[in-house]
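The values are calculated or read from the model by the stated rules, or taken from the named source; none is laboratory data. All values derive from a computational prediction rather than experimental measurement. Heads up, the Cβs are rebuilt from the backbone with ideal geometry, glycines too, and the neighbour counts pull from every protein chain shown. Just the protein is used for accessible areas: all its heavy atoms, side chains included, with ligands, DNA and RNA removed. Shrake-Rupley method; radii C 1.70, N 1.55, O 1.52, S 1.80 Å.
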Amino acid sequence: MISGILNIKKEAGFTSHDVVAKLRGIVHQKKIGHTGTLDPDATGVLPVCLGKATKLCDIIGDWDKTYEAVLLLGKETDTEDTSGKILEEKEVTVTEEEIQNIILSFQGTYDQIPPMYSAKKVNGKKLYELARQGIVIERKPCPVTLSSIHIKKIELPYVTFEVTCSKGTYIRSLCRDIGVKAGCGGCMAGLIRTRVSSFRIEEGFTLSEVEEMRDRDTLSEHIIPVDKVFLHLPAVFVKEKGEKLLYNGNPITVDLYEKEPSAERQNANEKQEYIYTVSDRVRVYDSHHNFIGIYQLQENQVLKPYKLFL
């Protein structure tokens, strides 16, 4: 069974579930999961986890993302993008400078009402299922953080901008809110996800490219090992005498592992170690350098399992 992550460059017309279903057929493996829904019309980065890496799906989905979006001013739709039914059209009277200032004013944290056409659940039902029945319900605003916004092009009524945002941000709803603030309404006319954490669109592969790599027997070269997404965490290596406890998912006491020297001090040929503090998370390997999982440091330097990939 293949285990690891594939950086898929999703094409328009596919749902995230479509991508998973097609990959199952390509690699002949059932255990596959995606890390965050992309609308069918949206394109771009969709990290897909295979085998043991499926335990990563909920973690990667929490990380920040970068999008390139096209805003269309002057139109409001029921889906908050151009695929939906037009609810209202207004004249666009804002200037380029005004719309630029309005868009940049959203940088930071604000309370965003999620769209009805979304997979968000309310009382156990997905909002889009209710929307398709013609039911519109009140949605509670959720705090979202836009850490950066960069205007790339203004050709009114269209504006192209790049935004880096937190989990739970709906770019369609951001376009709606910008339109409301501009006084003319707005909706999303295009969306490309260019980055999910360390996964970038330039390094992604389409489904047809994955199929070609399978046929050339080069697919394994492009599967990203699970521990590579945690390289920002220091590593520890469990000694052979502690491996039985390790493989059974038990806590590991300080006498059973060795700490990784810091990169800076390694470069200086010094074998000093990271300063580990309580609540720190670390990558844990066995004595043969096989990745086991992420552990959290407890009192007395005891390591407790946080997420295992056995």
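So what are the radius of gyration and Dmax for the Cα set of region 1-90, in Å?
Computed over the Cα atoms of region 1-90, radius of gyration and Dmax are 16.0, 55 Å.
Tell me the Kirkwood hydrodynamic radius of the chain in angstroms, computed as one over the mean inverse distance between distinct C-alpha pairs. Don't jump to the answer; show the numbers that get you there.
Numbers: mean 1/r = 0.0456 Å⁻¹.
Kirkwood radius, the chain: 21.9 Å.
Heads up, I need the accessible area for His17: 1.4 angstrom probe, whole protein in place, Å², nearest 10.
Counting only protein heavy atoms, the figure is 130 Å².
For region 68-116, what is the accessible area per residue in Å² when the probe is 1.4 Å?
Using a 1.4 Å probe on heavy atoms only, each residue of region 68-116 averages 54 Å².
Tell me, what % of the accessible area of region 202-248 is carbon and sulfur with a 1.4 angstrom probe?
Using a 1.4 Å probe with all protein chains present, region 202-248 comes out at 49 percent carbon and sulfur.
Quick one: in region 48-107, what % of C-alpha pairs are over 19 Å apart?
Here the long-distance tail beyond 19 Å is 59 percent of all Cα pairs in region 48-107.
If one computes the Cα centroid of region 183-260 and of region 137-151, what distance in Å separates the two points?
Going from one Cα centre to the other spans 27 Å.
Calculate, axis by axis, the spread of Cα positions in region 119-202 along the three principal axes, and write the results as whole Å, longest axis first.
Ordered largest first, region 119-202 gives principal extents of 38, 36, 22 Å.
What is region 91-131 by shape, rounded, prolate or oblate, if you read a ≥ b ≥ c off the alpha carbon gyration tensor as root eigenvalues and call it rounded for a/c under 1.5, prolate for a/b larger than b/c, and oblate otherwise?
On the way: a/c = 5.82, a/b = 2.27, b/c = 2.57.
Oblate.
Which residues does the label zone of Glu88 cover in region 99-126, counting backbone N under 20 Å from a point 7 Å along Cα→Cβ?
The answer is 99, 102-103, 112-117, whose backbone nitrogens lie closer than 20 Å to the label point.
Label points 7 Å out from Cα along the Cβ direction at His17 and Glu203: separation in nm?
3.0
Keeping all protein chains in position, work out how much accessible area Ser166 exposes to a 1.4 Å probe, and write it in Å² to the nearest 10.
About 40 Å², rounded to the nearest 10.
How much accessible surface does Asp280 have with a 1.4 Å probe, in Å² rounded to 10?
About 50 Å², ignoring ligands and nucleic acids.
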